[in-house]
Amino acid sequence: MKAIDKTVTRNHRSAPLALVAFLAAMAPGADAKHRAPTPAEQPVTIVAHVPLSGSPTNQMNLQENDGKQYLYIGANSNQGVTIVDVTNPGQPNVIRSVAWPNQASSGRLQLVSAGLALAEGPDSGSMAADPVPSTRTVKVLDLSDPANPRAVLSFSGVTSTLNDEAHNLVYITNSEGLWIVRNNKALGAFARPHACTSDDAYNEVASCQ
């Protein structure tokens, strides 16, 4: 059992795509715009969208257990943590929600090791409550031509993002819920034969030679 704890502020290099957070978007409506000339040229794909109650969210964590992937989405509401089975990214399954301690309206989830997490919530009467997370616009950039980045997707009202580089996926939450985006460029690069490295020993399907 392996735990993957990635905060939304951590930077990841997943060429040739990049996530760029622009100035905060204060409009209440949030939308996602997909712009690609033809399906064959799509560098990324929205593989799933899951509406979530209890928004806005403020953090995401990923947990791997016996070959399954679980996404833990923390919200600034008494909804607490929503658990989503994302083993099949195209068919995510919302399993259940777990309330914050003391039925608090805000909290924090921290994965500390494989199979162990800390759920934190302010004590009754405590003033220590997390503020409502600010929103921002996030554009997905195609860096196939490094000198000329091209925006291929745009999300507004975003409150958290999480990059799952191991599975070439990006998770994005906004007022419309959870979006799962696949990095097709990385998948294509992996499929091309290449010289074997030590990393290929950990891949179930290797394309090295």
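The values are calculated or read from the model by the stated rules, or taken from the named source; none is laboratory data. Fair warning: this is a prediction, and the values are worked out from it, not measured in the lab. In this analysis, Cβ positions are derived from the backbone assuming ideal geometry, glycine residues included, and neighbour counts consider all displayed protein chains. Heads up: the accessible areas ignore ligands, DNA and RNA and are worked out on the full protein's heavy atoms, side chains in. Shrake-Rupley method; radii C 1.70, N 1.55, O 1.52, S 1.80 Å.
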**Request:** Taking the residues in region 183-196 that are at pLDDT below 55 and more than 22 Å from residue 69 (Cβ to Cβ) as candidates, determine which candidate is least open to solvent (accessible area, probe 1.4 Å).
**Result:** 194
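Pick from 199, 130: which is under 21 Å from the mean Cα position of the chain (by Cα) and either among the small types (Gly, Ala, Ser) or at pLDDT below 90 (or both)?
After ruling out the rest, the residue left standing is 130.
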**Request:** Only residues that are surrounded by fewer than 17 Cβ atoms within 10 Å (Cβ to Cβ) and of a type in the set (Ser, Thr, Tyr): list them for region 106-122, please.
**Result:** 113
**In region 154-182, the residues that are open to solvent by 10 Å² or more (accessible area, probe 1.4 Å), polar (S, T, N, Q) and at pLDDT 90 or above** = 154, 156, 161, 163, 168
**Message:** Any residue in region 104-121 that is under 17 Å from residue 71 (Cα atoms) and in a strand (DSSP E or B) sitting within a Cβ distance under 7 Å of a residue that is of a type in the set (Asp, Glu) and open to solvent by 70 Å² or more (accessible area, probe 1.4 Å)? List the pairs, counting only those 6 or more apart or interchain.
**Reply:** 108/120
**Asked** Counting just the residues of region 62-88 that are open to solvent by less than 20 Å² (accessible area, probe 1.4 Å) and touching a residue at least 60 places away in the same chain (Cβ under 8 Å), which one comes out farthest from residue 119 (Cα to Cα)?
**Response** 86
**Item:** Sole residue being of a type outside the set (Phe, Trp, Tyr), in a loop (DSSP other than H, G, I, E, B), open to solvent by less than 40 Å² (accessible area, probe 1.4 Å) and at pLDDT below 85, chosen from 54, 29
**Value:** 54
